Amino acid sequence: MSQIYLDNAATTSVRSEVVEEMIKILTNDFGNPSSTYSIGRHTKALIESARKNIAKQFNVTASEIIFTSCGTEGNNWIIRSSVRDLGVKRIITTRMEHHCTLYSIKEMEKEYGTKIDYLNILPNSEIDYNQLEELLKEEQPTLISLMHVNNEVGTVLDLKRVAALAQQYHALFHSDTVQSVGKIEIPLDEIPVDFIVASAHKFHGPKGAGFVFIRKKNVLKPLIVGGEQEKGMRAGTEAPHQVVGMAKALELSYQDLNKDREKITELRDYCKSKLQETFEGIQFNGNGSTFYNVLNVRLPFSPEKAAMMLFQLDMKGIAVSRGSACQSGSQKPSHVLAEFLDENEIKKPSLRLSFGHENTKEEIDYLIDVLKGI
Ligand code: PLP
């Protein structure tokens, strides 16, 4: 077998229709969107049409979508501006967030003395919703920053429940939706979240493109200044091919969502049962009802076997991520698994398998065979 890609939470292949759209623009539409003559106006129109297309997928208005370079930028911007410009004095979050969120929050603590409350993570990898409500009862200007789908284990946050709590206690709510946009419906007209963040390369679009949704009532100030692009909210010449490619990728993801979700769920379930049949004592990290494209497995391997596992998988053409850092020789365990696994369990080798619509059962059979041979 040639390369088997089971790391779709890290990034995804770019759909051929997206590549076609991008090449068309790179070839024909080089005008600067800020120029006032016709070729400039044309690329500007392409960008605005992409913005409308993206907004439509979430039932929001186009003016609430701002383009960025990636998910990291979006999360940094929202967190920093909420503190700097919206008067946030406290952030409620978890230690399981992506590093771009965690480190942004730590910066706010250092620079502005923002109070940080970290929620407890239950053994099933979920947050403690009761603790969240208790904390919110201490009314102070608060930003809740909680990711929708965890990138390592796939734990899913109940967005509606948190958004309702945020409204009830007058807190702002930011959700890093990088792992869920394009993979599940997010009707923002029904879910009163204030900010979400997306990244095109996670839904079969190009790298280097993302967007944030900022609900109209929240007026953020820019992270990057010095230009009028994106209504002055995000200076820098736009990349029309990236933006149009991203909108196309999102449109196709939502168009094929039911079919792809069904296929991926079936593959994930197949993989899970094959692993259970093959490896006695195998365990799955998370709550058993994690997002449909992720399977984070804890393998009953000795430390010697574990040390070589990723290397051997790579030699056999299989791309997966480690679920914890132990087997790579580093002593530092995953900051996500460390939140809900005890000391002994976290020492065992974990693998993150993440599936996409291009994967097949044959690939999973091959993975199991290779794992058996380790
Ligand atoms: N947030 C989550 C949950 C992610 O999984 C990632 C990427 O791995 C990011 C943020 C960062 O996104 P980007 O790669 O676009 O900077």
Inset, instruction - Evaluate the relative contact order of the chain (contact order divided by residue number), counting alpha-carbon pairs under 8 angstrom at least 6 apart; express in whole percent. - result: 22
Legend entry - With Cα atoms, 0 to 90° folded angle of helix 38-57 axis to the chain main axis: 50
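I need the semi-axes of the equivalent ellipsoid of segment 230-296: take the C-alpha gyration tensor, multiply each eigenvalue by 5, square-root it, list largest first in whole angstrom. Could the numbers behind the result be given before it?
Details: eigenvalues 297, 49, 17 Å².
Its equivalent ellipsoid spans semi-axes of 39, 16, 9 Å.
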Inset, instruction - Give the share of C-alpha pairs in each 10 angstrom bin for segment 104-194, from 0 to the last occupied bin, in whole percents, shortest bins first. - result: 15, 47, 34, 4
Legend entry - Rounded tilt (10° steps) of 303-315 against the dominant C-alpha axis of the chain: 60
Inset, instruction - Output the direction-averaged projected area (hull surface divided by four) of the convex hull of the alpha-carbon atoms of the chain, in nm². - result: 19.0
Legend entry - For segment 245-374: Kirkwood Rh in Å [reciprocal of mean 1/r, alpha carbons]: 15.7
Legend entry - 3J(HN,Hα) from dihedral phi, segment 263-272, Karplus parametrisation 6.51/-1.76/1.60, rounded to Hz, x for glycine, proline: 5, 5, 4, 5, 5, 4, 5, 4, 4, 4
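Could you tell me whether segment 137-250 comes out rounded, prolate or oblate from its Cα gyration tensor? Rule is a ≥ b ≥ c as square roots of the eigenvalues, rounded for a/c under 1.5, then prolate if a/b exceeds b/c, otherwise oblate. Provide the component values of the computation, followed by the final result.
Working: a/c = 2.34, a/b = 1.30, b/c = 1.80.
Oblate is the answer for segment 137-250, as a/c is 1.5 or above yet b/c matches or exceeds a/b.
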Legend entry - HN-Hα J in Hz across segment 130-138 - Karplus 6.51, -1.76, 1.60, θ = phi - 60°, x for Gly and Pro: 5, 5, 4, 5, 4, 5, 5, 5, 6
Inset, instruction - Provide the per-residue ³J(HN,Hα) series for segment 193-199, in order, calculated from phi with Karplus coefficients 6.51, -1.76, 1.60 and θ = phi - 60°, each as a whole number of Hz, with x at glycine and proline positions. - result: 6, 7, 9, 10, 10, 9, 9
Inset, instruction - Specify the angular offset, from 0 to 90 degrees and rounded to the nearest 10, of the alpha carbon long axis of helix 16-28 from the longest principal axis of the alpha carbons in the chain. - result: 30
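Is there a pair in K216/K263; K316/K348; K221/K263; K106/K272 whose C-alpha atoms are over 30 Å apart, and which pairs would that be? Write down the numbers at each step before the final one.
On the way: K216/K263 36 Å; K316/K348 22 Å; K221/K263 42 Å; K106/K272 37 Å.
Violating the 30 Å limit, Cα to Cα: K216/K263; K221/K263; K106/K272.
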Legend entry - Nitroxide proxy distance, nm - points 7 Å out along Cα→Cβ at N120 and E138: 1.6
Legend entry - Inter-site label distance for A235 and E48 at 7 Å from Cα along Cβ, in nm: 2.4
Legend entry - Per residue accessible area in Å² of the chain, where ligands, DNA and RNA are left out and the probe is 1.4 Å: 43
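At 4 °C and a viscosity of 1.567 mPa s, what translational diffusion coefficient does Stokes-Einstein give for segment 23-93, taking Rh as the Kirkwood radius over Cα pairs? Give it in µm²/s as a whole number.
For the chosen part, D equals 88 µm²/s.
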Inset, instruction - Holding the Cα-Cα limit at 22 Å, pick out from K202/K231; K183/K231; K202/K248; K56/K259; K332/K372 the pairs that are longer than that. - result: K202/K231; K183/K231; K332/K372
Inset, instruction - Normalise the Debye intensity by I(0) for segment 1-147, one equal point scatterer per Cα, no solvent, then take log10 at q = 0.11 Å⁻¹ and round to two decimals. - result: -0.68
Legend entry - the chain, accessible surface, carbon-and-sulfur percent (1.4 angstrom probe): 51
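The values are calculated or read from the model by the stated rules, or taken from the named source; none is laboratory data. Being a predicted model, the structure only gives us computed values, none of them experimental. Here the Cβ is made from the backbone with ideal geometry for all residues, glycine too, and neighbour counts use every protein chain on show. The area values use the complete protein model at the heavy-atom level, side chains included, leaving out ligands, DNA and RNA. Shrake-Rupley method; radii C 1.70, N 1.55, O 1.52, S 1.80 Å.
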